[in-house]
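Scroll down for the structure; my scribbles are underneath it.
The values are calculated or read from the model by the stated rules, or taken from the named source; none is laboratory data. Everything quoted here is computed from the prediction, not taken from an experiment. So basically every Cβ, Gly included, is an ideal-geometry build from the backbone, and we count neighbours across all protein chains shown.
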Amino acid sequence: MPVNIRFLGHAAFSISDGTHTVLVDPFITGNPQSEAAGITADSLEATHIALTHGHEDHVGDTVAIAERTGATVFAGFELCNLLGEQGVANLEPANPGGGVGMPFGRLALTFAYHSSSFQGRYTGMPAGLLITMGGRTVYHCGDTGLFGDMKLIGEIHNPDVAIVPIGDRFTMGPADATRAAEMIGAGIAIPCHWNTWPLIEQDSATFRPSGVEVRILEPGGATEV
């Protein structure tokens, strides 16, 4: 079964098998890439929302979308607690190393090396996401630096796609992201978290992992695996 991966700008993606749709880090309102592509939070449908960490440019429109669609939100324990206080009804908390079976497959959290807070409040450990849907596995690395266990994650979970941040300063830059994609070993790599603002401007052509097909998606663009 093909899985559609649509880039919504920054680190936000829509991943769908045609029946279920997982929104990852749906920061849409105030996201210059989303706005330039004509994407609005109100235009997005979701059965599930999966969050890597609590920073505002990742939590984004989660509360509004979850309230409108009834989507189940999957995130770290502390972040789920915060979202529950904000009125989100359907929550699936987890922590890195753990996961939850879903109607479409499975969502699991991996380690990531970053920070995580929302409006000054600690929101637990940052994470990457393993999304298993339609017989495919997508590894969204989240906001992270390079770390050696990416190779182990690749060996154990055998992802088909790796979504890798390349913006530098707050995450890996293109050189470290290139090494990360090679370590993970997914057949396809999609860069994210770059060119949203001047501080993370990068040339995506310098993200060149050996033996990996790089698919550059413009905001609003999609690909199938």
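A few points about this structure:
Rundown of residues vs (1) touching a strand residue (DSSP E or B) at 6+ places or on another chain (Cβ under 7 Å); (2) free of Cβ contacts under 8 Å to residues at least 12 places away in the same chain; (3) closer than 16 Å to Pro93 by Cβ; (4) hydroxyl-bearing (Ser, Thr, Tyr), yes/no style:
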site: Thr47; (1), (2), (3), (4): yes, no, no, yes
site: Ala50; (1), (2), (3), (4): yes, no, yes, no
site: Gly54; (1), (2), (3), (4): yes, no, yes, no
site: Ala64; (1), (2), (3), (4): no, no, no, no
site: Glu67; (1), (2), (3), (4): no, no, no, no
site: Thr72; (1), (2), (3), (4): yes, no, yes, yes
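- Qualifying residues in segment 99-113 (those that are in a loop (DSSP other than H, G, I, E, B) and buried (at least 20 other Cβ atoms within 10 Å of the Cβ)) - the one nearest to the chain's Cα centre (by Cα): Ala112
- Here the helices (runs of 4 or more DSSP H) wholly within segment 26-98 that include at least 1 residues being among the hydrophobic types (A, V, I, L, M, F, W, C) and surrounded by 14 or more Cβ atoms within 10 Å (Cβ to Cβ) are 56-59, 62-69, 77-85.
- Scan of segment 129-158 for residues that are buried (at least 24 other Cβ atoms within 10 Å of the Cβ) and not aliphatic (A, V, I, L, M), ordered by number: Tyr139, His140, Cys141, Gly142, Asp143, Thr144
- Filter pass, Pro191 being of a type outside the set (Asp, Glu), in contact with a strand residue (DSSP E or B) (Cβ under 7 Å, 6 or more places away or on another chain) and without any contact (Cβ under 8 Å) to a residue 40 or more places away in the chain: yes
- For segment 202-225, the set of residues classified as of a type in the set (A, V, I, L, M, F, W, C) and either at pLDDT below 95 or part of a strand (DSSP E or B) (or both) consists of Val214, Ala222, listed by residue number.
- One residue stands out in segment 171-199 among those that are in contact with a helix residue (DSSP H, G or I) (Cβ under 7 Å, 6 or more places away or on another chain) and part of a helix (DSSP H, G or I): the one that is nearest to Leu146 (Cα to Cα), namely Ala180.
- Of the residues making up segment 145-158, one or more are under 16 Å from Ala11 (Cβ atoms), at pLDDT 95 or above and not aromatic (Phe, Trp, Tyr).
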